Amino acid sequence: MIWDNAFAISIIPMLLKGLWVTIQLTLLGTLIAAVLGLVAAVIRRLNIPVVSPLVSFMVIFIRGTPLLIQAYVAFFVLPIYGISFNAFTTGVVIIGINYSAYMAEVYRSGIQGVSVGQWEAATALSLPTVRTWCRVILPQAVRTVIPMLGNYLIQMFKDSAVLSAITVVELMATAQSIGTSTYRYLEPLTMAGALFLLVSYPASRLVNKLERRYAPKQ
Amino acid sequence: MHPSNDPGSADAGRPDAPLPGGPRTDRITGLPTGSAPIVAGGPIVAFDNVSKNWGDNQVLKALNFNVNPGEKVSIIGPSGSGKTTILRILMTLESPTEGQVHVDGDVLWNVKHGDKIRETKVMRATRRKIGMVFQGFNLFPHMTALENIIEAPVHVLGMNKAEARDRAAELLQLVGLGAHMNHTPPQLSGGQQQRVAIARALAMRPKVLLFDEPTSALDPELIGEVLNVIRNLANSTDMTMLMVTHEMRFAEEISDRVVMFDHGSAVESGPPEQIFKNPQEERTRAFLQAVLKH
Ligand SMILES: Nc1ncnc2c1ncn2[C@@H]1O[C@H](COP(=O)(O)OP(=O)(O)OP(=O)(O)O)[C@@H](O)[C@H]1O
Ligand SMILES: [Mg+2]
């Protein structure tokens, strides 16, 4: 198969549309992961009977099964029980929940990294629990978490290709469908790969910068 | 790494500098500034039969220990004798295994052996009468000095922000850091951080202020500035002060009473002249000999 320039150029608009879907998936998925992960980490730390162990179990469960299976179950099995959403919504929620389990661990180490003296100072000042978390502990914990969040965002950007399996028409699915309908796979797949790299490489550089900026000061 | 000269000597002999920030008033404690504290009868801090065990290690042994209102008490004693534990129990950072602690007539702890420890409403209310200055400062590093100080007055006492800021500015003046309001802890030296921490504790108008070795994390050249602030507080307020310290000369100078601890018991308690010049207990004598030798 020889590279066909004219064909390659002709499919650029379609691929860019796919890329846009991938970017939306990633941004929304990361948002969900960042919020749910934080909630999960705080709940685990609060040691609430029943609730905290349940959250811990869910985190282990999610981390222990492949994203592809979670997506399949959500998209093809849950509708049998009357729970169904379109492919994009399902994809965003599933990848968000999946990554939240990893984010929870990141937040946990961030929270653990805040020195016990900070908790003690808050107690000595009689600060209410909610205020202690929101104003004292989390701002310090999240600071150390920001670069990791960036890394997960980039990883999710690439991982979201898995969601083509549940018919989300993102960049990978677009490239595949161009292939099946034209019998030319070289151009769409190569270009899709190039587009992934074109976004993820500068993003990695940016994350590296953030990493340096938010490195713990001492 | 640091020169091993006598820490604190630079300032220990200096006469009291007047408080920066004007008159010594009840602004700090909320109490009248007369020399005699109002003794409504009874101690402000009372430990009754307080024990603390860490596994098999009995750190406090059925301790009875009182502090009178306005009293400046220094606690001395060898490492591991339970000095920090006393302060931490008062600040509710640690629970006793057994015993009662009263502060200003209110129950802080009432624990029987084997009780499950629960934070109670009464405890939370009583805790507000106590402030603590930590060895490691424990300032909130992501907030400015001013923000550190107004945080609790605004969000615990419900003070309005403008008023809290004014008071924080006054307190920063008081500790000689009027020009450092908007600095964050990483921008301040250890001595400056500890002075901000003292201002932060004062902002809550505690009736009892605890100090746990407030200068032992500091470089020798920074100890004096912190001791000066504490000395001025001791001389100018009716606030009760309870300080664990290894600065013997300082304890001798500012204390109304010095208590010697060993193995979880108060082995001797008396005016500084007695403890330092004429100790009655062999263990006090031995301890002082050991620490003053250096
Ligand atoms: N969290 C803990 N777990 C187990 N043992 C502890 C804990 N905290 C303190 N201890 C023990 O309690 C004893 C008294 O400790 P404490 O900190 O009150 O001593 P201290 O008189 O303040 O000593 P130092 O002068 O070294 O500060 C020590 O033997 C210490 O090992
Ligand atoms: Mg100690």
Worksheet item: What's the extension gain from A:W20 to A:N5 if we count 0.36 nm per residue and subtract their Cα-Cα distance?
Response: 3.1 nm
Discussion item. Translational diffusion coefficient of the stretch A:22-214 at 20 °C, 1.002 mPa s, Stokes-Einstein with Kirkwood Rh over Cα pairs, in µm²/s as a whole number.
Written reply: 116
Response to the item:
Cβ-Cβ cut-off under 9 Å around A:S126, Lys and Arg +1, Asp and Glu -1: the net charge is +3
Fill in: Distance in nm between pseudo-label sites at B:N66 and A:L78 (7 Å out along the Cβ direction from Cα)
6.7
Response to the item:
With +1 on the Cβ of every Lys and Arg and -1 on the Cβ of every Asp and Glu, the dipole magnitude of chain B about its Cα centre, in debye rounded to the nearest 20, is 660
Worksheet, complete the sentence: With a 25 Å threshold on alpha-carbon distance, the violating pairs from B:K83/B:K129; B:K72/B:K121; B:K72/B:K116 are B:K72/B:K121; B:K72/B:K116
Worksheet item: Once amide H atoms are built 1.01 Å from N in the peptide plane, which residues 5 or more positions from B:E94, or in another chain, come under 5 Å H to H?
Response: B:I89
Practice prompt. Would you mind pulling out the separation of the Cα centroids of the stretch A:52-94 and the stretch A:123-138, in Å?
Written response: 34
Practice prompt. Straight distance only, please: which lysines reach the Cα of A:K209 with their own Cα at less than 25 Å, same-chain residues fewer than 8 apart left out?
Written response: A:K158, A:K217
Fill in: Point-to-point label distance, B:A217-A:L68, nm (Cα→Cβ direction, 7 Å offset)
5.2
Response to the item:
the protein assembly as shown: Kirkwood hydrodynamic radius (Cα pairs, Å) comes out at 27.0
Discussion item. Taking a cut-off of 20 Å, what percent of all Cα-Cα pairs in the stretch B:129-240 are separated by more than that?
Written reply: 33
Response to the item:
For A:K17, the aspartates and glutamates lying under 20 Å Cα to Cα, once residues fewer than eight places off in the same chain are dropped, come out as A:D159, A:E170, A:E187
Item to complete: Working from the alpha-carbon coordinates of chain B, get Rg over Rh, Rh being the Kirkwood radius.
Response: 0.95
Practice prompt. From other protein chains only, count the Cβ atoms within 10 Å of every residue's Cβ in A:114-122, then give the mean.
Written response: 5
Worksheet, complete the sentence: Here the FRET efficiency for A:Y185 versus A:Q155, based on Cβ atoms and R0 = 22 Å and rounded to 0.05, is 0.30
Worksheet entry | Solvent exposure, largest accessible area first (probe 1.4 Å, DNA, RNA and ligands not counted), of B:S269, A:S164 | B:S269, A:S164
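The values are calculated or read from the model by the stated rules, or taken from the named source; none is laboratory data. Because the structure is a prediction, the values reported are computed rather than measured. Don't worry about glycine lacking a Cβ; one is built from the backbone with ideal geometry, like all the others, and counts go over all protein chains shown. Heavy atoms of the whole protein, side chains included, go into the accessibility calculation; ligands, DNA and RNA do not. Shrake-Rupley method; radii C 1.70, N 1.55, O 1.52, S 1.80 Å.
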